[in-house]
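Let me begin by presenting the structure, written as structure tokens, before commenting on it.
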Amino acid sequence: KTGAILALCSYPTFDPNTYNKVEEIQYFNNHAIFTAYEPGSIMKPLIMAAAIDQDVLTPETTFVDEGMRMIDGFKIRNAGDKKYGERTMREVLIDSINTGMVFVTERLGQKSVRDYIKEYGFGEKTGIELDTEVSGTIASLEEDAFVYAATASFGQGITATPLQMAQAYSAVANGGKMVAPYIVEKIEDGENQGKTSYGH
């Protein structure tokens, strides 16, 4: 509810006492904020939440999965080429059905998918008080083709950091209120005993 980071770790790690013996320089990177990646299926609940928020479907809305959808000349398939038949939106998340998320994207609309992804904070740095944070990229969503929104709905074609994903999930966990992550609670000034709060 606050955005306070209680613990954060990164692997591979290194011993600060023998930092000169690190095998690869990337061990010094804090991957929670430095390494953007295609998030994949953990994006699905975020887009599903957006669709429910817009009242374009409910958890019990059904669709029929044929195992493949052709979008803008591209074949979108499920993992393992599975075909699920009739499924509810709840089951789309349980079974992690890519074609189900294409259905969700069609209901929600290309612009809304792009807008919600931006509102979740993707494509921008969180502002965490650590070096060095990257923003990830959602540039593909500016393209006209619908396929980019469709693939983004299951976390492909865009990149994010683990911290951005945690921030976005905070919006779902907090009933729509997204909190900004922080590690500095306050700074106390020894001269005037002033306290500056950094909690967002």
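Here are the criteria: (1) closer than 14 Å to Glu38 by Cα; (2) more than 13 Å from the chain's Cα centre (by Cα). Tell me which single one Gly123 does not satisfy.
Here Gly123 clears every test but (2).
Might you check whether a residue that is in contact with a Phe, Trp or Tyr (Cβ under 9 Å, 6 or more places away or on another chain), farther than 21 Å from Gln54 by Cβ and among the charged types (D, E, K, R) occurs anywhere in region 102-124?
No - not one qualifying residue is present in region 102-124.
Please work out which one of (1) at pLDDT 95 or above; (2) not in a helix (DSSP H, G or I) is the condition Gly190 fails and give its number.
Gly190 satisfies all of (1) at pLDDT 95 or above; (2) not in a helix (DSSP H, G or I) except (1).
Does at least one position in region 144-158 carry a residue that is open to solvent by 20 Å² or more (accessible area, probe 1.4 Å), acidic (Asp, Glu) and under 27 Å from Ile71 (Cβ atoms)?
Among the residues of region 144-158, at least one is open to solvent by 20 Å² or more (accessible area, probe 1.4 Å), acidic (Asp, Glu) and under 27 Å from Ile71 (Cβ atoms), which makes the answer yes.
Within region 144-157, is there a residue that is in a helix (DSSP H, G or I), among the polar types (S, T, N, Q) and in contact with a Pro (Cβ under 6 Å, 6 or more places away or on another chain)?
Within region 144-157, none of the residues are in a helix (DSSP H, G or I), among the polar types (S, T, N, Q) and in contact with a Pro (Cβ under 6 Å, 6 or more places away or on another chain).
Pairs needed: first member in region 1-24, among the aromatic types (Phe, Trp, Tyr); second member anywhere, open to solvent by less than 90 Å² (accessible area, probe 1.4 Å) and in a loop (DSSP other than H, G, I, E, B); C-beta distance under 8 Å; at least 6 residues apart or different chains.
Note: pairs meeting the criteria are Phe14/Val22.
Got a sec? Which of Ala166, Ala173 is open to solvent by 20 Å² or more (accessible area, probe 1.4 Å), out of contact with any strand residue (DSSP E or B) (no Cβ under 9 Å at 6 or more places or on another chain), within 18 Å of Pro59 (Cα to Cα) and among the aliphatic types (A, V, I, L, M)?
Ala173
Can you run down the residue pairs with Cβ atoms below 6 Å, 6 or more apart or on separate chains, where the first is in region 141-161 and touching a residue at least 24 places away in the same chain (Cβ under 8 Å) and the partner is basic (Lys, Arg) and part of a helix (DSSP H, G or I)?
Matching pairs, first to second residue: Leu141/Arg114; Phe154/Lys44.
Can you name every residue in region 76-102 that is under 14 Å from Val64 (Cβ atoms), of a type in the set (A, V, I, L, M) and free of Cβ contacts under 8 Å to residues at least 40 places away in the same chain?
Correct list: Ile97 only.
The values are calculated or read from the model by the stated rules, or taken from the named source; none is laboratory data. Bear in mind the structure is a predicted one, so any value in this text is a computation, not a measurement. No Cβ is skipped: glycine too gets one built from the backbone with ideal geometry, and neighbour counts run over all protein chains shown. Only protein heavy atoms, including side chains, enter the accessible area calculation; ligands, DNA and RNA are left aside. Shrake-Rupley method; radii C 1.70, N 1.55, O 1.52, S 1.80 Å.
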